[in-house]
Amino acid sequence: MQENQEEDRIIVEHVYKSFNIYMDKANSLKEKLLFWNRNKKEKREVLKDINLTIKNGEAVGLIGVNGSGKSTLLKLMTKIIYPNQGKITTNGKLTSLLELGAGFHPDFSGRENIYFNASIFGLTRKKIDERIDKIIEFSELGSYIDNPVRTYSSGMYMRLAFAVAINVDADILLVDEVLAVGDQHFQDKCIAKMKELKEEGKTMVFVTHSLSTVKDFCNRAIWLSNGEIKMDGEPDTVIDRYLEEIK
Amino acid sequence: MNIVKDLYSYRELLKTNIKKDVGGKYKNSFLGVIWSFISPLLQIAVYALVFQVILKSDIENYTVYLCCGLIPWQYFSSVVLRGAASIIDNGSIIKKVYFPREILPISVVTSEGVNFLISTVIILGFVIFGGIGLSINILWYFVILAIQYIVSIGVAFIVSSLSVYFRDLLHLLGIIIQLLFYATPIVYASSAVPAELQWLIKINPMAYLIEGYRNIFYNKMPPDTHSLLIALAMGIGLCIVGYFVFKKLEKRFAEEF
């Protein structure tokens, strides 16, 4: 990545996103026909005209109160959902950790799930073979790695998911408020690993309510409020203003 | 073509998914893969009883005739039924992580294709022990299978994405498949269909394909290449339409779960 340090990793241009909120959704054809008048929907605009460019090597924290559109923006970046208007371009390999155990199969063992999960992120078997020991070691699951994932505690789940996500060698890492799970020791380890990735010049975006993490870790903070970017800049300045506002 | 590039970079996921589908189908059942043989054999037995013994079909070697159509049909019907559920069943993953969604219907079609390859042993068994024997023409099998695969991909694209928005389709398809079964010359010969209804067979790609399988296995002659080309053209058409429908609908998959 050294040669193109200036590369724009994520470009968000005039993005709008709204969801249809159904009061009482008719899911089947029968319901649609019988209760057609029940199918009232309300359009809720979650993001309005978002424009931003995230450069290679930036560590960006998305902050804002609940319902401000942070998670939606992150989901748009992963291509899980698509904008109603506007365009999002990402350059480079992207991995995301949005919810606990993204895509784990409960009956498969931890090891099988590593293969499955890493392949969802687009790794070939050979590449997973190379990394599997590192992933297992990072997850600290030890001999539990060969037990079915359904027997795991939520902490173990999180450790496994995190271990896979940060070891797939992506250029961009998107993380949504998952660090809250796991004990202090593992949280510290994750932060340390993410700092290491930051040093390597990876790009990171994460959604969090932990302002201290943003201050400590990010070199840019974006404050979303009611679906719009309220402020974008140095974490310290943005967070001070944010704290003033929500007081 | 973006889809080719996408599928190539996610080939490991495609492989794991296919393996999971092929191996996982009978994972918790006692008889395991034997079911791949038992259920078609039982079906053949039932249809043979009804149409040969009771209705006295005048087709020679009826059981063999039936089997050449029924086994490929089962491939098609499981593609439609399992394909329709392929996106819905994976809703929890779709909500959480991005990967090319096409992988899901494609792996259903491919893993069912593997199952079909295994079941073809039944056709071979009937042909050999039913006194018909083999000819070099069975090499056409792979050509016909390839065309059926293309048709199946197109159909799977359409049903998998539509059923996310209209969940009724899952139930409806069960009935549609049954109607289509009788609209396709499987238990009867296409020549028995009255002239005014022949168009039903002409617009049905599966009718051409089953005719092809039957030619190479039952009649020991090469398939009608003209018919195969028509089926291929229909398959390519279905793929193009299916791909556009899928691409259009996939954008809101994650919001439907």
Inset, instruction - Treating the angle as unsigned and between 0 and 90°, give the value, to the nearest 10°, between the Cα long axis of helix B:11-24 and the longest Cα principal axis of chain B. - result: 50 degrees
Legend entry - Along each principal axis, Cα extent of region B:72-127, largest first, Å: 49, 16, 13
Inset, instruction - Using just the helices of chain A, give the 222 nm mean residue ellipticity in deg cm²/dmol: DSSP H runs with n ≥ 4 each add -39,500 (n - 2.57), and the total is spread over all residues, rounded to 500. - result: -11000 deg cm²/dmol
Inset, instruction - From other protein chains only, count the Cβ atoms within 10 Å of every residue's Cβ in A:120-128, then give the mean. - result: 5
Inset, instruction - Please report the relative contact order for chain B, taking Cα pairs under 8 Å with a sequence separation of at least 6, and give it as a percent rounded to a whole number. - result: 27 percent
Inset, instruction - Would you mind ranking A:TYR144, B:TYR65 so that the residue whose beta carbon has the fewest other beta carbons within 10 Å leads the list? - result: A:TYR144, B:TYR65
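Quick check on packing: order A:76-88, B:194-206 by the mean number of other C-beta atoms within 10 Å, highest mean leading. Don't jump to the answer; show the numbers that get you there.
Values: A:76-88: 17.8, B:194-206: 13.1.
The most tightly packed comes first, giving A:76-88, B:194-206.
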Legend entry - Residue-averaged beta-carbon neighbours from other chains (10 angstrom radius) around B:91-103: 6
Legend entry - When each of A:LYS17/A:LYS193; A:LYS189/A:LYS247; A:LYS195/B:LYS248; A:LYS17/A:LYS93; A:LYS198/A:LYS247 is checked by Cα-Cα distance, pairs over 30 Å: A:LYS17/A:LYS193; A:LYS189/A:LYS247; A:LYS195/B:LYS248; A:LYS198/A:LYS247
Legend entry - Whole-angstrom gap from region B:131-170 to region B:198-214, using each part's C-alpha centre: 13 Å
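Rounding to the nearest 20 debye, state how big the charge dipole of the protein assembly as shown is about its Cα centre with +1 on each Lys and Arg Cβ and -1 on each Asp and Glu Cβ. If you can, show how the numbers build up before the last one.
On the way: 55 positive and 52 negative charges, 213 e Å.
Here the protein assembly as shown has a charge dipole of around 1020 debye.
Percent relative contact order of region A:101-169, based on C-alpha pairs within less than 8 angstrom and at least six residues apart? Walk me through the numbers before you get to the answer.
On the way: 73 pairs, mean separation 32.2, N = 69.
Reported as a whole number, the value is 47 percent.
Stokes-Einstein diffusion coefficient for chain A at 20 °C in a medium of 1.002 mPa s, Rh from the Kirkwood formula over Cα pairs: what value in µm²/s? The partial results should precede the final answer.
On the way: Rh = 19.5 Å.
Answer from the Stokes-Einstein relation: 110 µm²/s.
Run the dipole for region A:101-169 about the Cα centre, Lys and Arg Cβ at +1, Asp and Glu Cβ at -1, nothing else charged, and hand back the magnitude in debye, nearest 20.
On the way: 8 positive and 9 negative charges, 28 e Å.
So the dipole magnitude of region A:101-169 works out to roughly 140 debye.
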Legend entry - Separation of the B:LEU200 and A:HIS14 label points, Cα + 7 Å toward Cβ, nm: 5.3 nm
Inset, instruction - With θ set to phi - 60°, apply the Karplus curve 6.51 cos²θ - 1.76 cosθ + 1.60 along region B:73-80 and write out the HN-Hα couplings as whole Hz, x wherever there is a Gly or Pro. - result: 5, 4, 4, 4, 5, 6, 4, 5
Inset, instruction - Treating each Cα of region A:101-169 as an identical point scatterer and ignoring solvent, apply the Debye formula and state log10 I(q)/I(0) at q = 0.12, 0.15, 0.27 Å⁻¹. - result: -0.23, -0.37, -1.29
Legend entry - Alpha-carbon spread of the protein assembly as shown, three principal axes, descending order, Å: 89, 55, 42
Inset, instruction - For B:LYS220, go through the lysines and keep the ones whose alpha-carbon is under 27 Å away, minus same-chain ones fewer than eight residues off. - result: B:LYS56, B:LYS202
Inset, instruction - Please give the helix B:35-48 orientation as an angle from the longest Cα principal axis of chain B, in degrees from 0 to 90, rounded to the nearest 10. - result: 40 degrees
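Each value in this text was obtained by applying a stated rule to the coordinates, not by laboratory testing. Just so you know, these numbers come straight off a predicted model, no measurement behind them. Neighbour counts run over all protein chains shown; Cβ positions are idealised from the backbone, glycine included.
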